[in-house]
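Every read-out reported here was derived from the displayed coordinates using simple, explicitly stated rules and does not represent laboratory data. Here the structure is a predicted model, which is why all the values come from computation and not from measurement. Using ideal geometry, Cβ is built from the backbone for each residue, glycine included, and neighbour counts are taken over all protein chains shown.
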Amino acid sequence: MSSPETKPLLSYCDPENPMDLKAYEAVGGYKSLHKALKHMTPPEVVELVKDSNLRGRGGAGFNTGLKWSFVPQGDNAPKEKYLVCNADEMEPGTFKDRLLMEGKPHQLVEAMIVSAYAFGATTGYIFLRGEYKLAERRLLDAIAEAKAAGYLGNNILGTDYSYELVLHTSAGRYICGEETALLNALEGRRANPRAKPPFPPAVGLWGKPTIINNVETLSNVPHIINNGKEWFHGLSDSNDGGTKLYGISGRVNTPGIWELPLGVTIRELIEEHGGGMRDGYKFRGVLPGGASTDFLVEEHLDLKMDYDTIAKAGSRLGTGTMILLDDKTSVLGMVHNLIQFFAHESCGWCTPCRDGLPWVERVMEALKDGRGSPGDIETLEKHCRYLWIGCTFCALAPGAVEPLKSALKYFREDFENAIRPAPEPADGSIRAKARQGLLEALGQTN
Amino acid sequence: MAKVTLDSTEYDLPTGANLLQAALGEGIDIPYFCWHPALGSVGACRQCAVRQYRDENDERGMLVMSCMVPCTDGTRFDVHNDEDIVKFRETVTEWLMTNHPHDCPVCDEGGHCHLQDMTVMTGHNYRSYRFTKRTYKNQYLGPHINHEMNRCITCYRCVRFYDDYAGGKDLQAMASHNHVYFGRHEEGTLDSEFSGNLIEVCPTGVFTDKTFKSHFIRKWDLQSAPSICQGCSMGCNIIASERYGKLRLINNRYHHDLNGYFICDRGRFGYEYVNAEARVKIPRLKDDGDFKDLTEDELSTFLSGHIQPGSKLLGIGSPRASLESNFALRTLVGSDNFSNGLTQRDSDLMSRILAIRAEHPANNASIRDIEASDAVLVLGEDLTNTAPRMALALRQSTRNEPMESVTAMRIPEWSDKAARLATFGKSGPLFAATPRGTKLDDVTTAKVHGDPVDIARLGYAIAHALDAEAPAVGGLSEEESAFVTAAAAALKGAKQPAIISGTSLNEGKLLDAAANVALALTQQDKPAQLAYVAPEGNAMGTAMVGGMSLERAIEAARTGDYDAVVIVENDLYQNLLASLADSLFEGEITVIAIDHSMGATMDKADLILPAGAFSESDGTLVNFEGRAQRFFQVYPAEAAIQEAWRWVRDLMEFADQSQANEWQTLDDVLFAMEKDVTSLQGVAEAAPLAAFRAVGGKIPRMSRRASGRTAMQAHIEVSEDKPAEDPDTPLSFSMEGSATTPPPALLNRYYAPGWSSVSSLNRFQDEVGGPLRGGDPGVGLIQSPGDASVSFYNHVPEATRLTDGQVLFLPLHHVFGSEPWSASCPGIQARSPGPYLAVHPDDAGKWGLEEGDLAKIALDGRDLTLPVQFTPSLKAGTAGLPVGFAGLEGASLPTAAAAPTRGIES
C-alpha cells in the first residue's frame, strides 16, 4: 500500500523522472506553504512539529520542533536567522537522502520554506554532498521553479514573509556532516567542529541563530502540516512519530530502500523487503544505522528499528540504513575498511581521533592480513575505551569505533585467529628483541 | 573564590577560571598542550583530562578536559587519584608520540621542550606503536624561523597565536586527519612582526630560532641574564643568553604590565650585531688617517696629553645609552657642557611629554592598560612599526567591547574558539589617524590618513567634541568630521578609553592634542589611559637627565672653546645631516668616541674606546611610561671592552675628578645619580643592588647543570680560571650560588622541577597569567598628578599649506630597518623593505611616475634617487620616506620640498 497517507516521503518519488513544479503541485505540493503561511503563526508551526514528535533522521534523533524553539525570537534577537539542510550524506552505506533529493526535489524545497517560516529564517542553505551531481541539478531546477512561482523571494504568497534558498555543494569531507563543522565549511573555514556552547540555535552560521536539519527530517514537515500530528503518530509502530526510510546493503536478494512505519523489525526488513539472504550466504551481523553504529547479531533480529529499542540493544538507529555482514565476508576486512574511512575523514583537531584512529587502522590492516601481533586486541580495546564520548572533541571517533567495539564483542574469535604467536627471540638480548620488532613492523617473519 | 576539591584536597580557586589554569597556579601538575595562558582554551589536545564528579555520591564521574571546565563552588575532581584518567593522559601522549621523531638528542628544542616534560609527566616511556611514521617536507620560512614539521604534534597553538592573536595571515593549518600541516601556502618569509613568538609558543621543535641554530647551545649550557630590549621605547623584558663569549639567544622575559608572554621580532632577532665584525674590542687611535691599536700605556699617554684638570670638555650622550653612561658623561664634562644626544626636534618632543606628564591627570598607561582598554584613539603612531608590542596589545583591546556580549551569553572569555565564534569577528572601537594604512587596519573601526598637522587637528577636534571648553577646530572635511564624531562617541561610551600618540611624526602638537582628548575624558570621570611612544630605548631617561641638544652641542664644539669632545654611544650621522655632523670634526677639537661597534662617527673620531654592548654591560633604561628598568651584563666582555660609564670614569682620572676613585661599582653611580638628578629619584630601586644576596650567595648566571665550564679554557690553560668577578650586580658568572628563586628583576631562566621549557613560567607567578611572584620589576619614575588643575592646550595648529609644486615628505617607520643596530643584522636586513619613496597613485600620475620607477628628489640639499612605491592610503600631496634607511640618515621630516621627478626607469 503505497499511498501518500502511509508513505508520505516516497510517494511520487521517481529518481528516473522526478516531478516538476506543476506535477508536484497537482499532487498537493506546496499546499503546506499556503496553510502555514496564511493560516498558522510561526509558533503554531513549531508547536505542531514539536508535538508530532518528529525526531532527527540524521542520526542523533533530537526532537525537531524542540530544536526550533531554541532560536531566540523578538526584537532583541538578530534579524538574520538561518536554516541549513544537512544534505552532506557521506555515511558509508547510507543513500536515503540522495533518493529524496533526486526523486522528489520539490518536497525538500517546500520543506525548507515552511520550516524556515516556523522560526523566521531569512535564508536557507542546502549543504549538499559534492558528489551528488544529479541531486544538485535537480535541486537547482526545483529552486528556480519555486522562485519563479513566488514560493521563494520577497513576500511569499503575498504575506510579509521573505526568504531565500541557496544550494551549496560541499568540497567534500565526512566531518562536514557534523553540524558545526558544516557551518565552518559553509563559511569557508576549516571544517573543524566548533566548541559548544554556544550552540547553533544561538550562535550559528555567520554568528547568527541557525537550525541544522537533515534532509529526511525536513521532508516530513510539509506532511505534518498538511495532515496533523495524530496522523503522523499513526504512521509509526513506535513511540516516535512518522515513517522512516530504511535501507539494506549487503548480500540480501533485493538490497534497496523503503519507507516503512518507524519500528519495523530487523527480521521483517531483511526477510520481507530485502528478500532474505542470498543463496549460500548466512546472516552474521548487521550495522543497523550505518557505518558508525554497533553490530547487532542473530539474537537481535526481532528488535524494532526505532530509536529507543536499538539504543537499548547497544547500538543506534542512526540513519536507518543497515549494512549486513554475512558469513563469507571477513569481519576484520569490513572493520578495517570502515576504520580506514573514518581515520581518513578525521578533521585532525583532537588527538585521540587524529592519531588514535590511524593506529587502529594499522592494527586492523595487520589483523586482516593475518599479521596480528600479541597485544593487538588489547590495543584495539584500549582505543575503543579512549576514543569514546568525552575523550574526543566530537562524535566522529566514538562513532568510528562502534563497529569495532561490537565486533570485538560478537566476533572475537576472528580477531584472535589473526594473531600469530610471538616468535621466540634467538636470545633475550635487547638487540634480538629490537630486530624482532623491526621485522614485525616490516611484516616479515623471522 | 570557589571551593574545589582536587584529589580529596580542597582548594580555593578563582570562580569561573578554567580548572587547568587555576590548578597550575596551585602548583598541581596537569599536563597540557593546546592551552596557553595568553591564548586560552580550545580543548583540542585532550591532554589535560581529569575526572569530574557530579556530587558526593557520584562514583563513576565523567572524563572532562580541565581547560574547558570553569571552577565552580562545590565541584569535585580527580587528577591523579583516578587510575583510568592517569592512563588516558598517558595514552594521549602515546598518540602524539606515534609520529613524533625520536630525535631529542639532536633536536634544537631538546632540554627545553614542553613535549619532553609532558611525556615524562604522563609516564609514557615505552613505545608499543609498531608501524611507520608520517613525514613531511619542511618549508623555508625566512631568515629567522626554522621549520621541522615532522616534530609537530598538531596542538594548533601556532596558528592560534599567529592568526587569531597576532593577526597574521600567512601561516595556516592545511590538510587534515593525521596529516595536518602548519605552514605557508608557499615557501617564503613569515610576514608577521611577531613570528618569533612561534618559537616559544610551539610546545616542541617545529618552529625554532634560526639565528640560535647557527650557534646552538643547550639551554642548560647557556649563561643568561635578565635584560631589557633596546629596540624601541617599550622596554620589553628579555632574557639574553651567551656561551663562549658570543651572544646566542634572546627570549621573552615575562613582565605582567609590559610584554607579557610575547616580544616582537626586532627585539628577538635584532641582537646579532653584538657578535658582528664591526665590533670594537681595543682602544684605537687615529694615526695618519688609519686607526692603530693602543696598549694600556699608550692609551694612558694619549689621555694624559689631552685630558687634564681644567681641560674644557664637551660631552655628547645618547638616547640609546644607559642612564649611568649618560650621567657619568654629564658628571665628567659638567651639566653645562653636556648634551643628552637627542636632536633638537626629539629634545623638544621629549620635554613636551615630560611637561604634560607632570601636570596631566590621565593614567600613565602601561601596555597592559592599553590591552585592557575598550576604546582606543591612536594619533599619528604606526604602532606596528614604532612600538610593535603595543600594537599587539592594541589588537587584543579590540576584543574587549564585543567580549561583553560573550560574557552575557555565559561563555567564558578563556574558551577561546567559542568566544571568538560568539563575537564573530566583531572589533571594538579603535580609531586611528596615521599618515598611511597600518597593519592594524583590519581591526580599526575608522581611520583617517593625513599629515601630522591634520592628525593633530583631528585630536583637538575630538577633544572639543567631548568637551566644549577644549578649543574648536575649523575647516575639517566631511570625512574628518565624521571620524571626530564617531571617535568622540566611542571614547565617551567606553569604560576605559585610551589615547596613544608619540614622537614618530616629529609633531609636538600631536602630543598636546592627545593630552586634550585624555583631559576631556578625565574630566568626565573616565579612567583615561594616555600613552606616548618615545623615539628610542632610553629617550625618556636621557630627557630626564637633561642637557643641550645635539645641534647645540655641535655649535658649541665649533666655538673653539673646547679641548675635546667625548661622544658616548651616539652615531651623529644617524641623527643629523652629514654636513652638520661633519662640522664637528673640522675644528681642532679632539674627538673621543666610545661605542660598541664601528660607525660613521667612530670612523671619524681621533680616539675610539670599545664599549660593552647591552649584553656586556649593566645599566638602567627608562621606557615610554617612565619605568626605570635594569639590564644586566650577560658575560664578561672580551679584551678591553668595558661599560661606557667605566670608560668615562677612567677619563675622570685624567681630569682629576674625585669620582674616579669613588665610583667603583654601578651602585656608586646610581647613588650619585639619585643625589644629582631630582627626576631620577628612586632609580636605584629598579632592581636589587650589588650587595643583595639570596639564600646561598650570589645568583648564578649559569644553570646548575652547566657543563664544561672547567674545560672552557682548556686549550689555553689546563687549570680552570677563576670565574670573573662581578662587582656591579648580585649575579655571578658561575653556576655556583643561590639555588632559590631570585627576585623578579634578577630572574634569568625559567626552570622548575619537571618543567624545563618556558611553560615553567607558571611556577613563577602567584596566579597563572598574573604578575610575577614578588612583583614585576622596574620602578615608575613618573607619577600622574591625579587631580591636577590643568587646562586644555589652546594652540590649534593651522592646516599645512604647501606652495604649488611642493609635496610634504613624511617619515615612515619600519620595525625592520628604522632602528639602526637591529637593522645591521643580516636577518633583519633581509626582512627590511629597503629604501623607497611612497607616493599616492594620483600624485604619481601628475608627476609622470609609475610604480617601480626611480624617482629623484632633493631633500635638505641632498639628491636622492629612490624606487617609487604606490601607497593609495597616503593623503594626496604627501609622500613618505622610510626613516633610518641607507641614504636617508638624519633626514629632517616632515619637510616640504619640490615634487619628485622621474629618474632612470627601473
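GNM remark for chain A: springs join alpha carbons under 10 Å apart, and the peak mean-square fluctuation among A:Glu402, A:Glu413, A:Glu164 falls on A:Glu413.
Amide H contacts of B:Ile145: B:Lys210, each under 5 Å away and 5 or more positions distant or on a separate chain (H built 1.01 Å from N in the peptide plane; Pro and chain starts excluded).
Students often check this: by mean Cβ neighbours within 10 Å, which of B:37-48, A:381-392, B:120-131 ranks highest, and how do the rest follow?
Descending mean neighbour count gives B:37-48, A:381-392, B:120-131.
For an R0 of 30 angstrom, estimate the FRET efficiency from the Cβ-Cβ distance between B:Ser719 and B:Tyr126 and round to the nearest 0.05. Taking R0 as 30 Å, the efficiency between B:Ser719 and B:Tyr126 is 0.10. Close amide-amide hydrogen proximity is noted between B:Ser597 and B:Val280, each under 5 Å apart and 5 or more residues distant or on a separate chain (H modeled in the peptide plane; Pro and chain starts excluded).
Based on Cβ point charges of +1 for Lys and Arg and -1 for Asp and Glu, what charge dipole magnitude is obtained for region A:243-326 about its Cα centre, in debye rounded to the nearest 20?
Numbers: 9 positive and 12 negative charges, 40 e Å.
For region A:243-326, the charge dipole is close to 200 debye.
For region B:458-464, backbone phi angles converted through the Karplus equation (6.51, -1.76, 1.60; θ = phi - 60°) give residue-by-residue couplings of 4, x, 4, 5, 5, 4, 5 Hz, Gly and Pro being listed as x. Between the helical axis of A:42-51 and the longest alpha-carbon principal axis of chain A there is an angle of about 40 degrees. Take each peptide in A:295-306, B:793-804, B:219-230, B:853-864, count the other Cβ atoms within 10 Å of every residue, and average; sorted highest first, the result is B:219-230, A:295-306, B:853-864, B:793-804. Distances between placed amide hydrogens fall under 5 Å for B:Glu507 paired with no residue 5 or more residues away or on another chain. Projecting the Cα positions of A:Val335, A:Pro358, A:Ser346 onto the charge dipole of region A:331-417 (unit charges on Cβ atoms of Lys, Arg, Asp and Glu, taken about the Cα centre) puts A:Ser346 furthest along the positive direction. Under the classification rounded if a/c is under 1.5, otherwise prolate if a/b is larger than b/c and oblate if not, where does the protein assembly as shown fall, given a ≥ b ≥ c as square roots of the Cα gyration tensor eigenvalues? Note, shape of the protein assembly as shown comes out prolate.
Per-residue Karplus couplings for region B:353-370, computed as 6.51 cos²θ - 1.76 cosθ + 1.60 with θ equal to phi - 60°, are listed in order as 4, 4, 5, 5, 4, 5, 10, 8, x, 5, 5, 7, 6, 8, 5, 5, 4, 5 Hz, Gly and Pro entered as x.
Determine, from the Cβ-Cβ distance of A:His39 and A:Asp308 and an R0 of 35 Å, the FRET efficiency 1/(1 + (r/R0)^6), rounded to the nearest 0.05. Before the final figure, lay out the partial values.
Values: r = 34 Å, r/R0 = 0.98.
Computed FRET efficiency for A:His39 and A:Asp308: 0.55.
Projecting the Cα atoms of A:Ala144, A:Ala185, A:Gly65 onto the dipole axis of chain A, where Lys and Arg carry +1 and Asp and Glu carry -1 at the beta carbon, places A:Ala185 farthest toward the positive end. If R0 equals 45 Å, the separation of the Cβ atoms of A:Glu298 and A:Lys433 corresponds to a calculated FRET efficiency of about 0.55.
Extending 7 Å from the Cα toward the beta-carbon at both B:Arg410 and B:Thr301 defines two label points whose distance is 8.7 nm.
Is there a quick way to get the dipole size of chain A? I mean about its Cα centre, with the Cβ of Lys and Arg at +1 and of Asp and Glu at -1; what is the value in debye to the nearest 20?
On the way: 49 positive and 57 negative charges, 189 e Å.
Roughly 900 debye for chain A.
Residues within the reach of a label modelled at A:Glu268 (point 7 angstrom out along Cα to beta-carbon, backbone nitrogen below 12 Å), restricted to region A:288-313, are A:302-306. How well do other chains shield peptide A:384-390, expressed as the mean number of their Cβ atoms within 10 Å of each residue Cβ? The per-residue average across the peptide is 4. Using just its DSSP H runs of length 4 or more, each adding -39500 (n - 2.57), chain A gives a mean residue ellipticity at 222 nm of -12000 deg cm²/dmol after division by all residues.
Based on Cβ point charges of +1 for Lys and Arg and -1 for Asp and Glu, what charge dipole magnitude is obtained for region A:139-187 about its Cα centre, in debye rounded to the nearest 20? Walk me through the numbers on the way to the answer.
On the way: 2 positive and 7 negative charges, 19 e Å.
Charge dipole of region A:139-187: 100 debye, to the nearest 20.
The 3J(HN,Hα) values that the Karplus relation (6.51, -1.76, 1.60; θ = phi - 60°) gives for region A:230-246 are, in residue order, 4, 4, 5, 4, x, 5, 9, 9, 9, 6, 9, x, x, 8, 9, 7, 10 Hz. Gly and Pro appear as x. Compared with the dominant Cα axis of chain A, that is its longest principal axis, helix A:357-368 is turned about 60°.
Please label the shape of region A:21-234 as rounded, prolate or oblate, based on the square roots a ≥ b ≥ c of the eigenvalues of the alpha-carbon gyration tensor (a/c under 1.5 means rounded; beyond that, a/b larger than b/c means prolate, else oblate). Rounded shape, in that the Cα axes give a/c under 1.5.
So what is the calculated 222 nm ellipticity per residue for chain B, using -39500 (n - 2.57) for each DSSP H run with n of 4 or more, over all residues, to the nearest 500 deg cm²/dmol?
-7500 deg cm²/dmol
If a paramagnetic tag sat 7 Å from the Cα of B:Ser789 along the Cα-Cβ line, which residues of region B:329-365 would have the backbone N under 20 Å from that point? Of the residues in region B:329-365, B:356-362 have backbone N under 20 Å from the label point off B:Ser789.
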